[in-house]
Structure formats: structure tokens, C-alpha cells
1. Looking at (1) touching a residue at least 12 places away in the same chain (Cβ under 8 Å); (2) over 19 Å from Asp207 (Cβ atoms); (3) surrounded by fewer than 17 Cβ atoms within 10 Å (Cβ to Cβ), which is the only condition Val82 fails?
2. Applying the selection to region 6-28, what residues are more than 16 Å from Leu211 (Cα to Cα) and touching a strand residue (DSSP E or B) at 6+ places or on another chain (Cβ under 6 Å)?
3. If a residue has to be surrounded by fewer than 23 Cβ atoms within 10 Å (Cβ to Cβ), part of a loop (DSSP other than H, G, I, E, B) and in contact (Cβ under 8 Å) with a residue 24 or more places away in the chain to count, how many in region 183-207 make the cut?
4. Do we have Ser52 as surrounded by 17 or more Cβ atoms within 10 Å (Cβ to Cβ) and touching a Leu at 6+ places or on another chain (Cβ under 8 Å) here?
5. Can you tell me which condition Val42 does not meet? The list is (1) buried (at least 18 other Cβ atoms within 10 Å of the Cβ); (2) assigned to a helix (DSSP H, G or I); (3) at pLDDT 95 or above, and all the others hold.
6. Give the residue that is farthest from Ala199 (Cα to Cα), with candidates limited to residues of region 111-139 that are surrounded by fewer than 17 Cβ atoms within 10 Å (Cβ to Cβ), touching an Asp or Glu at 6+ places or on another chain (Cβ under 9 Å) and touching a residue at least 24 places away in the same chain (Cβ under 8 Å).
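The values are calculated or read from the model by the stated rules, or taken from the named source; none is laboratory data. Owing to the predicted nature of the structure, the values given are computational and were not obtained by experimental measurement. Quick reminder, even Gly has a Cβ in these numbers, built from the backbone with ideal geometry, and neighbours come from all protein chains shown.
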Amino acid sequence: MKFGVVVFPGSNCDRDVAWVTQGLLGQPTFYLWHRETDLQGVDVVILPGGFSYGDYLRCGALARSAPILRAVVEHAHKGGYVLGICNGFQILTEVGLLPGALVRNRNLHFICDRVPVRVERNDLIWTQNYTQHQVIPLPIAHGEGCYYADRDTLQHLEENQQVVWRYTDNPNGSLGDIAGICNRQGNVLGMMPHPERAADADLGSTDGLPLFTGLIASHTYA
């Protein structure tokens, strides 16, 4: 399975992701510079965490106009897999691939911690290696991670089972305790927690690794 990791000025988790997909799992992984327009035939596009363009306007707002995003949106509309982690989740909402927005944390402070999150669905390619309602600790590191949407959008997310990850002890004020959502088709996933930072036993946790191994297993047996 081919992975493409988009790199923006200010990205700081791109190499963390590549260490998991290529270093630990041995999958071909390409860095996709924000000015490029070709996804190089990858199966999964990952928008990593960090501070794209320095977050000078609003988290993810400048990144949505990057040339590579046009190819990412087209890839998603064709059913290709797209994962946005932290800043990547913010970008997915800005570009319209996922509904809602990520706004300032409830306490207005940057939060860097490891928090428990619950798997709300395990029938997706992203979560099939977890059990339903399994609770795992994952790292978070964000100042604008509070998920917000209007009442109708929140209702549609719940009715369509688009909430994939939910905080069990909400650290940032996210409505509905939402930590991650997918689109209606399930091929686009955005999440604030960092599974790539909990994927290497040398770092003390592999709770995030099943997200990546599930993708690879589905591709292998497809």
C-alpha cells in the first residue's frame, strides 16, 4: 500500500507518520510537497499535524489553497483514503471534505497530554482492528482542537454514524465529546489525537498502530 504524506511549511509530524508507515510497517511512503499537484499514485493521503503556514490566519485556512489540496480533494471524491491528523483534521474541515470546524480550546490554553478516546465505530477500514467501544489513550497537542458545528450538522453526524472517535474525558470542550469524524462514505477521516505518536513500542505505546495495520490488511486482501 502506498502512502503519501503532505508536507506544508510548518508541518512537524510528517516524519513521525512516515516512520510508522515506512519505518515500522515497510510500506512505500512519499513526501508530497504542498506546491505539487501529483499524488504519485498513492493509495492513502495523510495530512499530518503541525502548524501549516504558521497558522497565521486560522488553523488550516491557508493550507486549503495549496495546489496539492486540489489533488487530495479529487482523490477523496473518487473514494481514495484520506487521513487528517490534528492540523490535518483542521485542513479537512477548511477544504470542505469534513463538516464543522476546530476552534480554540475551551480554556484557551494549548493542551499537550495523553487522553482516553473511545472507538465509536469499528466497521471502517480505519478502525477495524479495534473493538467496538474500546477505549485507548492517545496523545493530543493542540490549541484549537475544540470541535464545533451547528445543531443540524451535529444531528446529522450522529444519525449517519460519522463520529469515529469520542473523548471519554473531554479535554478541550468539543461538542458531543467529538475527537474524530469521517465523511458519509467513510474514506475520509479527521482526528485530533495523534495515532502516529502511539505506534512505536520504543515510545511506550502501540495503541495507535492498529489504525495503520488495518489499512494495510484491507489492501492486501482486497
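1. Among (1) touching a residue at least 12 places away in the same chain (Cβ under 8 Å); (2) over 19 Å from Asp207 (Cβ atoms); (3) surrounded by fewer than 17 Cβ atoms within 10 Å (Cβ to Cβ), Val82 violates only (3).
2. Matches in region 6-28: Val6, Val7, Gly10, Ser11, Asn12, Cys13, Asp14.
3. Qualifying residue count, region 183-207: 7.
4. Working: surrounded by 17 or more Cβ atoms within 10 Å (Cβ to Cβ): yes; touching a Leu at 6+ places or on another chain (Cβ under 8 Å): yes.
It is true that Ser52 is surrounded by 17 or more Cβ atoms within 10 Å (Cβ to Cβ) and touching a Leu at 6+ places or on another chain (Cβ under 8 Å).
5. Among (1) buried (at least 18 other Cβ atoms within 10 Å of the Cβ); (2) assigned to a helix (DSSP H, G or I); (3) at pLDDT 95 or above, the lone unmet condition for Val42 is (2).
6. Pro116
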